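Right, one structure below, let's go through it.
The values are calculated or read from the model by the stated rules, or taken from the named source; none is laboratory data. Everything numeric here is computed off the predicted structure, so don't read it as measured data. In this analysis, Cβ positions are derived from the backbone assuming ideal geometry, glycine residues included, and neighbour counts consider all displayed protein chains.
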2 protein chains.
Amino acid sequence: MARAAGVSQSAVSRCFTPGASASPAVRKKVVEAAKRLGYRPNAMARTIITRRSGLVAIVVAVDTNLQYPEALSELSRALSRSGRRIMLFAIDAMDEIDAVVDQIWSYQVDGVVALVSLTDTQIGLLEDHDVPVVLYNRLPGKRLVSSVTCDHAMCGQLLGQHLLDGGHRRFALIHGPAFSSVASERMAGVATTLAAAGVTDIVEARGDYGYDSGVVATRELATRANLRGTAIVAANDMMALGALDEARFGFKLGVPHETVVAGFDGIGATRWQSYDLTTVRQPLQRMAEAAAAMIAERVNSGLVGERRMFPGELVVGATAPD
Amino acid sequence: MARAAGVSQSAVSRCFTPGASASPAVRKKVVEAAKRLGYRPNAMARTIITRRSGLVAIVVAVDTNLQYPEALSELSRALSRSGRRIMLFAIDAMDEIDAVVDQIWSYQVDGVVALVSLTDTQIGLLEDHDVPVVLYNRLPGKRLVSSVTCDHAMCGQLLGQHLLDGGHRRFALIHGPAFSSVASERMAGVATTLAAAGVTDIVEARGDYGYDSGVVATRELATRANLRGTAIVAANDMMALGALDEARFGFKLGVPHETVVAGFDGIGATRWQSYDLTTVRQPLQRMAEAAAAMIAERVNSGLVGERRMFPGELVVGATAPD
């Protein structure tokens, strides 16, 4: 191949190594030689020799994760700082995960960051073949596996306590989709704190994490409680923004004077001047850096099963001040 | 391999074929046999035989595209409907594109949808090796290549004419980042329409596509023109939302009575009750379906160089009504 192209073997290699540089002239020679020989660059051969593809697979659910691009951006930046590129597998349905795991395995990536739940079998299929897995905002099952999460239960407690401290005793909770462990951990944290304070005046509804579902849930809650004087807590910021708008424009309630509203995540829109939402922010940059560091350490040393959990940060905005 | 696993050859094959089903029991046998044999599934060998990897590479820029997840979601959905899965390459800097093109080539994907600008050389490297390329919202250079775009110049004209029809004669334009061809096509469309109507009372500023830059640009524009009675047009919705909030909360202007604001894209937040922004919506679903169809047709027939351009749709919101 190198002979056919009239270049050195290392020049050929550089053409197919992520991050390595090759001049356009060399690249052209190699491509033309490859074409003459009917040769295709074999990513597998390269990665088997170097044991590094430079790629980290990120598995996300299209619906929930792509609507929340901050986490992906931070992961991409953190992995890129450690010299890796992401290969994102966006799945529409959970039953695609098996096929994706097989693909990931066969491409011999440096590691996998999973923003969806993996079974112990799926994790095993990767880990047993030296593909390190880091669960992102998902807690491990029985199998030892590394994970990075925000302490969502504590975030819920933090927000519940903030609202109790503000004198609120009547609550309306907007839960997230049933499949979301993050949403249920958050709301369990809120519920625990309210129960410990003896608060029982609680109405509940459920949304799908989207803005519109926050609007609809707020209308539903209003049929069962007087929203005036009630603190509304949604399982994520998007639904909280919908609830806030519906309280203001649908029910003509003054926020925070007649009702207060709060959410979770700390997405960009919570800081927009129309909103200034009280929320609990996930330390996304730290979490992403931790995930990237865990992949890098695993590639070099082989430590498995580290769990890193980061606290959330209460951000007091105008919608639920002190 | 099939013999070692005690299963049929087709069962082994199904384990490594995207979309094909294999029972957990079969999968387990195959994995264990592979382990014993020191064998790794060779994605290349499979794809060389079938000429289909089932993967479509999408190349995006982290900063601009991940902040605008609607296009990615629609692309993922459309490709998944045609039985393909996306492999997303998120790049931080344009000089990474060469390395990404090599990787894409070596993984022998079914096609590439590029949301970043590719050089003719980069396109050639892919197309010359039977990897179909579809440019998304990027116009081709000299080389024949398929593309799907929104007609951004016409979108600009549409919005400019709407504002002229509303009686506006003084304009403040917030341009997008200099590297964005989409932003410059939009604003050129606006400028052409204003010039044709003899409007010369125009002040201009530039943002980076983000909300905060819309706020800052509005403050800058206010130093050079009285925003009262001026129509503010931003090159995308995010900056328009920043401009709208700053006009309302920073300059205490009534919208639309004292000033009007409009943008481009049609992102979800424009329909939130706090905003109801006048904008020109890109037909993202149609564009994504067209891109997926072009990849599928190319895999089957080999037609190169089709250009599909879709009109945008004026969405008249409360911030710049008739």
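If the condition is being part of a strand (DSSP E or B) and crowded, with 24+ Cβ neighbours inside 10 Å, then the range B:199-231 contributes only B:231.
Residues in the range A:78-95 that are part of a helix (DSSP H, G or I) and at pLDDT below 85: A:80, A:81, A:94, A:95.
Exactly one condition in (1) buried (at least 22 other Cβ atoms within 10 Å of the Cβ); (2) within 14 Å of chain A (Cβ to nearest Cβ) is not met by residue B:252; state its number. Just one mismatch for residue B:252, condition (1).
Criterion applied to A:293, A:247, A:234 was being more than 30 Å from residue A:128 (Cβ to Cβ), out of contact with any Ser or Thr (no Cβ under 7 Å at 6 or more places or on another chain) and surrounded by 15 or more Cβ atoms within 10 Å (Cβ to Cβ), and the one residue passing it is A:234.
Scanning the range B:79-95 for residues that are surrounded by 24 or more Cβ atoms within 10 Å (Cβ to Cβ), within 26 Å of residue B:265 (Cα to Cα) and more than 7 Å from every other protein chain (Cβ to nearest Cβ) gives a single hit, B:79. Screening the candidates A:141, A:167, A:156, A:160 for the property of being farther than 23 Å from residue A:90 by Cβ, not in a helix (DSSP H, G or I) and not assigned by TED's automatic domain parsing to the domain that holds residue A:58 yields one hit, A:167. Does the range B:123-130 contain at least one residue that is touching a Leu at 6+ places or on another chain (Cβ under 7 Å) and over 30 Å from residue B:322 (Cβ atoms)? The answer is no; no qualifying residue exists. For the range B:127-139, the criterion of a residue being touching a strand residue (DSSP E or B) at 6+ places or on another chain (Cβ under 8 Å) and within 14 Å of chain A (Cβ to nearest Cβ) is satisfied by at least one position. Of A:102, A:98, A:130, all but one fail to be among the charged types (D, E, K, R), surrounded by 24 or more Cβ atoms within 10 Å (Cβ to Cβ), without any contact (Cβ under 8 Å) to a residue 60 or more places away in the chain and outside any strand (DSSP E or B); the exception is A:102. Here residue B:112 fulfils each of the conditions (1) at the interface with chain A (Cβ under 7 Å from one of its Cβ atoms); (2) outside any helix (DSSP H, G or I); (3) over 16 Å from residue A:55 (Cα atoms) apart from (1). In the set (1) within 11 Å of chain A (Cβ to nearest Cβ); (2) in a loop (DSSP other than H, G, I, E, B); (3) modelled with pLDDT of 85 or more, residue B:122 fails one condition alone, (2).
When B:187, B:238 are checked against the criterion of being within 14 Å of chain A (Cβ to nearest Cβ) and under 22 Å from residue B:161 (Cα atoms), B:238 stands alone in meeting it.
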